[in-house]
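What follows is a set of notes on a single structure, which appears directly below.
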Amino acid sequence: MGRMPSSISSPTGGCRLPRKPEPTLNNKIRLLRGAAPGMTQASLAEEVGVTRQTIISLEAGGYVPSLPLALRIAKVFGTPVEEVFWLDE
């Protein structure tokens with residue numbers, strides 16, 4: 001068998017395209033939680049199956065949730081996921 005080339009050229013003739021910066025995922029969890037009587041970080045965490053620290057990190061923008069978690073959070077607030085989370089591009 002022949003050896004595989006150590007590098008594979010791209011369809012653009014070997015030039016790599018610059019990578020676009022990742023957009024920021026924002027959320028309004030803190031705002032929604034504040035509008036829900038009695039909703040604490042701990043109670044939201046329990047409802048969606050994560051730790052309170054995860055909710056703290058989400059509210060601070062330090063953590064990007066998985067799609068299933070984002071959907072569970074939106075469901076708790078009875079709102080579409082795109083009204084809870086959005087991208088800044």
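Each 5 Å bin, from zero up to the one with the longest distance, holds this percent of the alpha carbon pairs of the stretch 28-78: 4, 22, 37, 29, 6, 0.
Distance between the modelled labels on Asn26 and Ser66, one decimal in nanometres: 2.7 nm (7 Å Cα→Cβ projection). Among the trypsin sites (Lys or Arg not before Pro) in the stretch 16-89, those located in a DSSP loop and surrounded by at most 11 other Cβ atoms within 10 Å of their own Cβ are Arg16, Arg19. Applying 1/(1 + (r/R0)^6) with R0 = 30 Å to the Cβ-Cβ distance of Leu17 and Ser43, what FRET efficiency is obtained, to the nearest 0.05? Efficiency computed from Cβ-Cβ geometry: 0.05.
All of the numbers you see were taken from the coordinates with simple rules; none came from a lab. Just so you know, these numbers come straight off a predicted model, no measurement behind them. Positions of Cβ are backbone-derived with ideal geometry, glycine not excepted, and every protein chain shown enters the neighbour counts.
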